[in-house]
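Encoded as structure tokens, the structure appears first; notes follow it.
The values are calculated or read from the model by the stated rules, or taken from the named source; none is laboratory data. Source: prediction; values computed, not measured. Using ideal geometry, Cβ is built from the backbone for each residue, glycine included, and neighbour counts are taken over all protein chains shown.
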Amino acid sequence: VDLTGGWRRFALARPHLLLVQAPGGTGTRLKVERVARRWGWPIVDTPADADLLVATGGDGVPFDEVVDQVWAAIPAPRRLLRFPPGIPVEGVEEGLASAREAMLERPEGNHHPTPEPPVRGRHANNTAGRSDGGDHDIDGHGMHGGHDMHGGGIESPGGLAMADRAADRDGLQLDVLHIPLGPALADWPAGLRLRLVMQGDVAQQVELDPLPAAELRSSAFWDWPWLASLAGETVSLGAAERHRAAAHLDSLGRLLVLAGLAGDARRCRWLRDDLLCGARVEPVQRAFAAVAARLRRSRLLRWSLDGLGVLDVDTARRLGVTGPALRAAGARDDLRRGDPAYWDFQPVIGGAGDVTARLLQWVVELEVSLTVGATSASGNLQPVDGRHEGPRGVLGDGQAPSAGLLETLPGLLSGLELAAARLVVASLDPDLEELAALRPQAVAHG
Amino acid sequence: MVERAPLWSVLVLPVVLSGFALAAAMLDAALAARAERRRVTAAELGDPVRAATRLLVIQRRTTVAADTVLWRLGSGAVVVVALLASVVTPLGRWSVSDLGIGVVWWTALLALLWVAVWLLGWAPNAPYALVSGYRFVAQALAYEMPLAITVITVAVAAGSLRVGGIVAGQAHLWYGVWMPVAVVDYLIGALALAFWGPLRAPVAADTAGGVGAELAGVDRLVFLVGRYLVLAAAAAFAVPLFLGGGAGPLLPDWGWTVLKTLLVLGVLVWARWRLPLVRMDRFEEWSWMVLLPVTLAQLFVVCVVVLVANR
């Protein structure tokens, strides 16, 4: 018995984590990522490879359903952890460590999803699934389209909807699948759900369907310095720019994972955490310089990303896009130009407006933010006409820049292959927390 | 130079190949730890062993309306293909079977990966896996022709399909030195065969792990081990093709083979951490429009050189 116990203890010494985040969970997610990195616990991207399901943010019913679905797809031994917002790092460490111990004692887990009413339609996440009753019978199902109204009442294998037929762009009759993308997806904006109509691996139609935000209590983690300044508090320029750099590092990390640069993605993440923990800026600056040089040098990277998801200035302005995504398209809009605290700030602009341009825009703005963060520790943020330039664009007047970014998605993603679509989403990285905090009515219809 | 080893060497082959696979996994773990700013300790290096043990205690899993038989067959086939192909790969002076058609055997067996990975994508009846299965077929369309022609080029230069003959043909000059295009072709092919590094689109993060997304427990272990074995098999076969087999001073033949294999493996593992993912549509186009013509041109040059030298 002891031998088996020791064997299991060795096997599960580093449980694999699956993070599921709703808007409002960013702060906690970052703490979990930090602890996991220090302990060497892998963060995985599929329920099939997970032991601990860590749900952060969101305590509404829609998110609970998402958590239930993912949970059902995780093989035993398993454990569910839900950290409350604002939990300190020590709390995260304790929670993770005790979850590992508990998993050794009771492999079947601690979570009992509420049984779903049989008549209700429900949309399942791709790699997630739901259990067919018993806890031992685990099924991660995929191919049912998500539209339960679909399939015309024909009995289909496993109760899943069969694929439809429709003409594709070449006029061929091809199978059509209705696939939801998100919200429980690694390296994906928290709370975002897209409904794709896929033919093969091409998204023919894309519809926005974010998790209903009205039920999610949320604060905008990445926007707080600017929102606080708008609310009349004193925020130092250095602190704000460090926070902006951290926000960009987080976005960049996601994009790099999807672009296949796992090493630099991980570097971005620890640099981000260093900044958020108040480390000195100079070492971060030095470490990032190496990453930036590699990204600029990599012709293979450009070759893979060039020409994807092109957003021109006119379309961007029409949809209300501001910030780095607009500047990457070639516009010189940056409210920091009008802020006397920034001296004579000159925005850097890209031009192509594609994924490469947005990636390099983040890189260049990161370097600017780190320089400002390192040198001008004095000086405070001052709103320009009651508005600020946040990490994703103009904040203030109830404006949420991520709303504009979201609006671009259906247009940019239609006709793209799945990998390309994921890259485009990551290169825009809309922050649904921002929406929930600033304009709850904007997404409440979902 | 290369001779057939006694029958019991059939039992040695899996051990040696697994050793290479483990070495690759350990290097990968070390690079992962470094990218996450952890110290590379013995525990980090031993992480692949722990991860494998973990998969043994994890429950297996299936999906709704999955074709379980074909699914298990798919992951098992990856392992079997890697082992069977390596029958003709010599370790120093010995190979399990120095078949007269050695290079054909190797190429043909690894082409079976098309079936194996496609089944892995199709059988779980899940969209991400399915999309990724298609991706592997697309990838195979791009790499298979240049890889096959490369192997033919080497065989033409040696005037032999026997791996031993190819090693003997490099007594004066390694093929890796005067066939640079072939080396590039082969390395791309090796990355593609093991869907590794810049060519890991079939198991990439954007599809939550692709063809492996639904695998859990021991099934996942078989799949992951198979993938590392393919990587090791591809690295090991580069040694007789391009690096003169076991030739080298001081060390015994088998020592040089091991060293050279580890070197190639190191390059492949390093590529995973340094090179970005290549998008399939662009790779496809480049492979047919650029790589294939260049590969054919090299075949032509090699043919001319062989004809002139043999006059």
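If you check A:Val310, A:Val348, A:Val321, which single one turns out to be part of a loop (DSSP other than H, G, I, E, B) and in contact with a strand residue (DSSP E or B) (Cβ under 9 Å, 6 or more places away or on another chain)? The match here is A:Val321. Consider the range B:18-43 and keep the residues that are buried (at least 18 other Cβ atoms within 10 Å of the Cβ) and within 12 Å of chain A (Cβ to nearest Cβ). The one that is nearest to the chain's Cα centre (by Cα) is B:Asp28.
Considering only the range A:377-402, how many residues are touching a Ser or Thr at 6+ places or on another chain (Cβ under 9 Å) and part of a loop (DSSP other than H, G, I, E, B)? Within the range A:377-402, residues that are touching a Ser or Thr at 6+ places or on another chain (Cβ under 9 Å) and part of a loop (DSSP other than H, G, I, E, B) number 8. The condition (being at pLDDT below 90 and either surrounded by 23 or more Cβ atoms within 10 Å (Cβ to Cβ) or β-branched (Val, Ile, Thr) (or both)) is satisfied by just one residue among B:Asp206, B:Asp185: B:Asp206.
Taking the range B:241-275 as the range and being more than 20 Å from B:Tyr143 (Cβ to Cβ), away from chain A (no Cβ under 14 Å) and in a helix (DSSP H, G or I) as the test, the residues that pass are B:Asp253, B:Trp254, B:Gly255, B:Trp256, B:Thr257, B:Val258, B:Leu259, B:Lys260, B:Thr261, B:Leu262, B:Leu263, B:Gly266. Contact map, the range A:380-403: residues that are in contact (Cβ under 8 Å) with a residue 60 or more places away in the chain paired with residues that are among the basic types (Lys, Arg), Cβ distance under 7 Å, separation 6+ or inter-chain. Pairs shown: A:Glu389/A:Arg336; A:Pro391/A:Arg244; A:Val394/A:Arg387; A:Leu395/A:Arg387; A:Gly396/A:Arg387; A:Pro401/A:Arg392; A:Ala403/A:Arg439. Against the numbered list (1) in a helix (DSSP H, G or I); (2) buried (at least 23 other Cβ atoms within 10 Å of the Cβ); (3) of a type outside the set (Lys, Arg), B:Ala66 comes up short only at (1). Out of the range A:255-275, which residues are over 19 Å from B:Arg37 (Cβ atoms) and assigned to a helix (DSSP H, G or I)? Passing the criteria: A:Leu255, A:Leu258, A:Ala259.
So, in the range B:276-303, exactly how many residues are over 27 Å from A:Val257 (Cβ atoms), under 23 Å from the mean Cα position of the chain (by Cα) and within 14 Å of another protein chain (Cβ to nearest Cβ)?
Taking the range B:276-303 first, the residues over 27 Å from A:Val257 (Cβ atoms) are B:288-303.
Then keep just the ones that are under 23 Å from the mean Cα position of the chain (by Cα); that gives B:288, B:290-292, B:294-296, B:298-299.
Still in the list and also within 14 Å of another protein chain (Cβ to nearest Cβ): B:290-291.
Of the residues in the range B:276-303, 2 are over 27 Å from A:Val257 (Cβ atoms), under 23 Å from the mean Cα position of the chain (by Cα) and within 14 Å of another protein chain (Cβ to nearest Cβ).
Where strands (runs of 3 or more DSSP E) sit wholly within the range A:1-117, none has at least 1 residues that are facing chain B (nearest Cβ under 10 Å) and not hydrophobic (A, V, I, L, M, F, W, C). Taking B:Phe223 as the residue in question, decide whether it is more than 14 Å from every other protein chain (Cβ to nearest Cβ) and in a helix (DSSP H, G or I). Answer is no for this residue.
Working carefully through the options A:Leu301, A:Leu326, find the one that is within 14 Å of chain B (Cβ to nearest Cβ), touching a residue at least 24 places away in the same chain (Cβ under 8 Å) and in contact with a helix residue (DSSP H, G or I) (Cβ under 7 Å, 6 or more places away or on another chain).
Matching residue, one of A:Leu301, A:Leu326: A:Leu301.
Within the range B:91-102, is even one residue touching a Phe, Trp or Tyr at 6+ places or on another chain (Cβ under 9 Å), modelled with pLDDT of 90 or more and of a type in the set (A, V, I, L, M, F, W, C)? Among the residues of the range B:91-102, not one is touching a Phe, Trp or Tyr at 6+ places or on another chain (Cβ under 9 Å), modelled with pLDDT of 90 or more and of a type in the set (A, V, I, L, M, F, W, C), which makes the answer no. For the range B:155-166, the criterion of being under 15 Å from B:Ala309 (Cβ atoms), part of a helix (DSSP H, G or I) and touching a residue at least 24 places away in the same chain (Cβ under 8 Å) is met by at least one residue.
Within the range B:197-220, residues that are more than 7 Å from chain A (Cβ to nearest Cβ) sit with their Cβ atoms under 7 Å from residues that are of a type in the set (D, E, K, R), at 6+ positions apart or across chains, in these pairs: B:Gly197/B:Arg272; B:Pro202/B:Arg135; B:Gly212/B:Arg220; B:Val218/B:Arg60; B:Asp219/B:Arg60; B:Asp219/B:Arg72. Six or more apart or on different chains, Cβ under 6 Å: which pairs go from a residue in the range B:26-37 that's outside any helix (DSSP H, G or I) to one that's crowded, with 18+ Cβ neighbours inside 10 Å? Could you list them? If the second residue must be crowded, with 18+ Cβ neighbours inside 10 Å, the pairs left are B:Glu36/A:Arg37; B:Glu36/A:Arg266; B:Arg37/A:Trp270.
Find all pairs meeting these conditions: Cβ atoms under 7 angstrom apart; at least six residues apart or on different chains; first residue within the range B:116-130 and on the phi < 0 side of the Ramachandran plot; second residue part of a loop (DSSP other than H, G, I, E, B) and charged (D, E, K, R). Close Cβ pairs satisfying both conditions: B:Ala123/B:Asp67; B:Pro124/B:Glu214; B:Ala126/B:Glu214; B:Ala129/B:Glu214.
The set of residues from the range B:80-108 being over 22 Å from B:Thr257 (Cα atoms) and not small (Gly, Ala, Ser) comprises just one member, B:Val80.
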